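Peer 1: Dumping the structure here so I can ask a few things about it.
The values are calculated or read from the model by the stated rules, or taken from the named source; none is laboratory data. Keep in mind the model is a prediction, meaning the values are calculated, not measured. Note: ideal-geometry Cβ built from the backbone for every residue, glycine included; neighbour counts use all protein chains shown.
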Amino acid sequence: MTEFQWVKENYVAGDLALSSGDTLRSARLHYHQIGQLNAPKDNLILLPTYYGGAAAGNHPWVGRHSPLDPDQYCIVIPSLLGAGESSSPSNTPGEQAGPNFPAVSLYDNVMLQKRLVDEVFGGASIALVMGWSMGGMQALQWGCLFSDQVRAVLATCCTARCYPHNQVFLEGVKAALTCDQNFRDGHYPSPPERGLRAFGRVYAGWAYSQAFFRRARWRELGFDSVEALLQFWEQDHLAQDANNLLTVLNTWQRGDISDNPAFQGDYNSALAAITMPTRVMPSTTDLYFTREDAAGDAGRMPGAALEDLNSEWGHIAGGAGRDAPSHRQILAAADSLLDQRGP
């Protein structure tokens, strides 16, 4: 048995043409890797990241306790553009720094990840693309664009586009951040702390369900009050860059797997292209990626089965290692998909 460790790498892509018509200068894709690609190049698993999350946030899905076992698979976690690890407002020098960072789409992220797979991993066949929230949106984007390369898709607590009420929710957290007078249209000399704190507090009310708070499920996270939970969310967002948050929020709001040259806005055709075995796993209490919207999407994907996460944790249920019963259910679904189409 080999002792594997996570390796952190950067794929340097040079100037990257974006779907908006802009160019991201000196683009860089940060990723984590564990396990090795086999000789047939058919054991690659991709775990794209979620909103506000670093690559390490997906680590709990992986290990010898899991079907995502590095003894068997080469597992790669590519970080979202704009989120602080790959090219982002906070780490891009020169004229594209801060609020001048260009708009990035789901399509841009996945096309850059495609280059990583082709150039670093030899165009490997992908056993599974799996993600939560925006990670799931990217997984579905992979599925419709590259059905000849992706053998299975698992998408938790997400939809294939950002539906109107989801967009309105995001407008609310955006307003909470940008109303801070120190935000200065993104040209802040120091972090807009009031705005970041407000962003975290508003977001917390959407991330969990009403039942989560009614039944004091926050105690399971070690908090002794709702206020303690809200202070945790404040501190978490104080550690993030405001322009990064807004850049990825814009990617999310504009998210639509048909908004690209391949499908030219034909949403039904994009969904119909997801023909490989696919599991769509909404939380029954998710307030913004709703079960109704996810079920509507899944019903138009030929390869998809809908499997509910019956959880009081709201949107958070779909994350790696967050809600223990949901975590086990998600890994069981991954195991099933890998059994169907694994190496």
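Peer 1: Report, by residue number, each residue of region 72-121 that is under 29 Å from R184 (Cβ atoms), among the charged types (D, E, K, R) and under 21 Å from the mean Cα position of the chain (by Cα).
Peer 2: E85, D108
Peer 1: Just to be sure, is N310 touching a residue at least 40 places away in the same chain (Cβ under 8 Å) and surrounded by fewer than 23 Cβ atoms within 10 Å (Cβ to Cβ)?
Peer 2: For N310, the condition - touching a residue at least 40 places away in the same chain (Cβ under 8 Å) and surrounded by fewer than 23 Cβ atoms within 10 Å (Cβ to Cβ) - is not met.
Peer 1: Would you confirm, using the coordinates I've provided, whether A320 is in the same structural domain as A270 (by TED's automatic domain parsing) and under 21 Å from L44 (Cα atoms)?
Peer 2: When the stated conditions are applied, A320 passes them.
Peer 1: If you check A242 against the conditions, is it under 19 Å from C157 (Cα atoms) and either outside the structural domain of A139 (by TED's automatic domain parsing) or crowded, with 19+ Cβ neighbours inside 10 Å (or both)?
Peer 2: When the stated conditions are applied, A242 does not pass them.
Peer 1: Now, a different point. Would you check which residues across region 112-156 are in contact (Cβ under 8 Å) with a residue 24 or more places away in the chain, farther than 23 Å from A333 by Cβ and surrounded by fewer than 20 Cβ atoms within 10 Å (Cβ to Cβ) and list them?
Peer 2: Selection gives K114, R115, L116, E119, V120, F121, G122, G123.
Peer 1: Right, next: Counting only residues that are assigned to a helix (DSSP H, G or I) and in contact with a helix residue (DSSP H, G or I) (Cβ under 8 Å, 6 or more places away or on another chain), how many does region 82-99 have?
Peer 2: 2
Peer 1: Just to be sure I understand the filter: pairs with C-beta atoms under 7 Å, separated by 6 or more residues or on different chains, first member in region 164-188 and within 17 Å of M134 (Cβ to Cβ), second member among the aliphatic types (A, V, I, L, M) and surrounded by 13 or more Cβ atoms within 10 Å (Cβ to Cβ). Which pairs pass?
Peer 2: Every condition considered, the pairs that remain are L170/L249; V173/V202; K174/L246; K174/L249.
Peer 1: Turning to a different aspect of this structure: So is G35 touching a residue at least 12 places away in the same chain (Cβ under 8 Å), assigned by TED's automatic domain parsing to the domain that holds Q141, more than 18 Å from G255 (Cα to Cα) and surrounded by fewer than 22 Cβ atoms within 10 Å (Cβ to Cβ) or not?
Peer 2: No: the conditions fail for G35.
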